[in-house]
Every structure is written in C-alpha cells, then in structure tokens.
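Got a structure here, written out as structure tokens. Questions coming.
Values in this text are rule-based calculations from the coordinates and carry no lab data. For clarity, every value in this text was computed on a predicted model and none was experimentally measured. For neighbour counting, all protein chains shown are included, and Cβ atoms are generated from backbone atoms with ideal geometry for every residue, glycine included.
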Amino acid sequence: MSLSNSLLRFFICLSILVLGACSHMRSRPNSEEKLLLQHAMTLVGDEYSNPRLVSGELMVSIENIEVLSGDSLIHSNLVGGIPADQTPSLHIWSSDIREYPTQKILTGSTIDPQPNHTFIDSEYGNRIMHWHPDLLEESRDVFTIRRTFRYITFDYRPQVDSEMERRQWDQIPLDILEKYTRPERFLEQDDALIDTVFSLLENIADPVSQAEVLYHWVQQSMTYVYPPQARGVRNAFETLAGDCGQYSALFMTMCRIAGIPARQQSGFNFVPGNTGAHVWSEIYLPVKGWVPVDATRQDGFLHLDNQRLITSVGLNIPLLNAPVWATFDNSEIENGKTDFMQMYTLAANGIKASYGSSRQVTRSVELP
C-alpha cells in the first residue's frame, strides 16, 4: 500500500507548483491543476479516484484564563479529585496530521506556537504534539494554537479478492492479530455479544464476507442518536443506539470476536459546509492490509470517500507527560491514555477558562 518513489516525487513537485500558483479562494481547478490531478490518478491506481486538493486550518482557543490560588485552588483541586497542593497546570495534546494511503500531505504546514514536546505513541504510531504553557510565568489570559495544512485526498475502494484473503488468512502478522482482536476498554467482549456474532456467522466461511455481514447487521440494527447515553460497545449493544463512535465500537468489537483485526480511525468530514467530527473503522486483510469500513454510511463497506481529514488511529491512545492525577472525571485522560483523539485532548487543574475550537476548509478543489 506504499507509494512508489515516482509518486512521492510527483507529490513534492505538485506541492511546489500549487504553493506558487494557487489562490486559496478559488474553488475550481485551473488547467494546470487538472493535468496534475489527472496525472496523480495514473500513478495511484484504479482503487483511488476523485482526487481533492484541500487547504485547511485547525484552531484551539483557551480564553479568559484565570489562574487560581490559595483556598480557591485547594477547593478546585479537591472537587476534581486532585491533590490539594497540586499547582495549576494546563496540558494539551493533538495528533499531527500525517500521511495515510488516502491522504497525502503537501508542504507548507504551519503550527503556532510550536509544541513543547512531540512523540510517537507506543500503541498506534500516531505522531502527537504536547503543549504545556507556563501560565503563571507568562501571565496570559489567552492561549491559542493555530495549525494550517494542505493535502490531497482520494475516494478509496480497495479491490478485494475474498477467496485469496481467506487462503492467506494465516499470514496475518501475529502482533496485528493479537493486538486488534483483543478486548480493551470501550471494546469489551461479553457473552451476549459473542453469542450474537457466532449466530450471525455460523454458515459463513471467508472473513471478508463475515465482516460484510457484521457491517450490514450494525447498520440495520443501530439507530443514530447523538449524544449517546454512554461511550463504548456495552452501551451500543444494549441500546442499539448512538453516534458514529458507537456504530464503530460495535462493528469493531464484533469483528474482533470473529478473529478479524479491527481498529478505529478518527477525524472529520472536511469539505466546505461540513467539518463535523467523525470516526469509522478499519479491518486488516492479509493481502490488502488495512481497509476502511464506515458503519454509518450506506456505501461504507470497503470504501472511504474523499471528504475526510484523518487525524489519528486507535482507541486508548497513550500520552506522554500525562498528569498522574488525570482521570475521566477531571480531564480527558485516565491511566495515561485518552479514549481517542480528533481535535485535541485536555488536562487542566487550578484554572478557570473558556475552551473552544474551530475547523475551517480554506480551499477545496476537486477534479470534475
């Protein structure tokens, strides 16, 4: 699934040409861009279509910051289950936007301010940035992170030979099979769900067909409700209701029970007029590798459209520099892990503030 050297060289050249020739306000490709994007399709292959050139901006804003002290700090800490003597702090983590088979990053990205730390998470390989501003020293009442980026995204429909995948199933790397079929927090495997999966797949032999049956069952059984009563597969299976995260949790867990490696991708719909948060799933096939499944979409089996911005992979993502006092009761982290990551993950104590974020598509050009 990796790109050839010629394709990498192409994207470098494309980024240089577009950087110099494109106006961010223009909504249609010029003749030069059409030729470049058409050429991209000859390099990528038949599984990829409809290339879209996108420029965007993500912003996190923390305003009206008030740093607590004295009795106010002690009270705030104790209410949050934090040691009374813990000094005020602010931690923000965000996954860097990186390349995937359907998402090719161009040059020209900016980050302001630069993070204090950058690391690769040990579970999924996300490149995560960490900001830890010294609010006392800087005496600021506003802290803003602004990121700009440019990428090309494609519709992706992998061409899968079900029989070949079945014959080579025993060639899936053991580490992938073990990691992505195990139960974990939010993806627990209880007896009732196990019985349901075995009943659905009783007479179905090949894993691709099994995954498709599970996809259709989730689609037909679930009702979209936002927000869900609670996060995780237990609530999704009990209520058969929830948002995209609940659809994904139920589908992934059912696949894992069937022995099909499954994981989550997180990000956004990212086209003008629709930058809503969204998550979906991937399953691992021995020949094709990771392929997409979006259980909330009617055409979401082995298909990802060109309207996405992928920001991270996985659930229960480990974070460096997570405070030992952080739990899901007082932050978005517990035991050093966040449930998943789209825009940012926050842990703060001893401050009052207004938290906000924004997403903007500044340019979106699709080949007609």
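Calculated FRET efficiency, Met59 and Thr223, Cβ-Cβ r, R0 45 Å, to nearest 0.05?
On the way: r = 33 Å, r/R0 = 0.74.
Between Met59 and Thr223 the formula returns 0.85.
Can I ask one more? Place the peptides 299-305, 67-73 in order of packing, highest mean first, counting for every residue the other Cβ atoms within 10 Å and averaging per peptide.
299-305, 67-73
Of all GluC sites (Glu not before Pro) in segment 150-225, which ones are in loop regions per DSSP and have a Cβ with at most 13 other Cβ atoms within 10 Å? Intermediate values should be presented prior to the final figure.
Working: sites: Glu163, Glu165, Glu178, Glu184, Glu188, Glu202, Glu212; in loops: Glu188, Glu202.
Filter output for segment 150-225: Glu202.
Mind ordering 263-269, 342-348 by average Cβ neighbours within 10 Å, highest first? Mind dumping the intermediate values first?
Details: 263-269: 22.3, 342-348: 20.6.
Per-residue Cβ counts within 10 Å, averaged per peptide and sorted highest first, yield 263-269, 342-348.
A further question follows. With no solvent and one point on each alpha carbon, what is the Debye value of log10 I(q)/I(0) for the chain at q = 0.12 Å⁻¹?
So the normalised log intensities work out to -0.98.
Still on this structure, please answer the following. What size of dipole, in debye to the nearest 20, comes out for segment 160-302 about its Cα centre when the only charges are +1 on Lys and Arg C-beta atoms and -1 on Asp and Glu C-beta atoms?
My answer is approximately 400 debye.
Now a separate question. In whole Å, what are the extents of segment 279-360 along the principal axes defined by its C-alpha atoms, from largest to smallest?
Between the extreme Cα coordinates on each principal axis of segment 279-360 lie 49, 31, 18 Å.
Bin by bin, in steps of 10 Å, what percent of the Cα pairs in segment 160-302 do you find, going until the bin that has the longest distance?
Spelled out bin by bin, segment 160-302 gives 12, 44, 34, 10, 1 percent.
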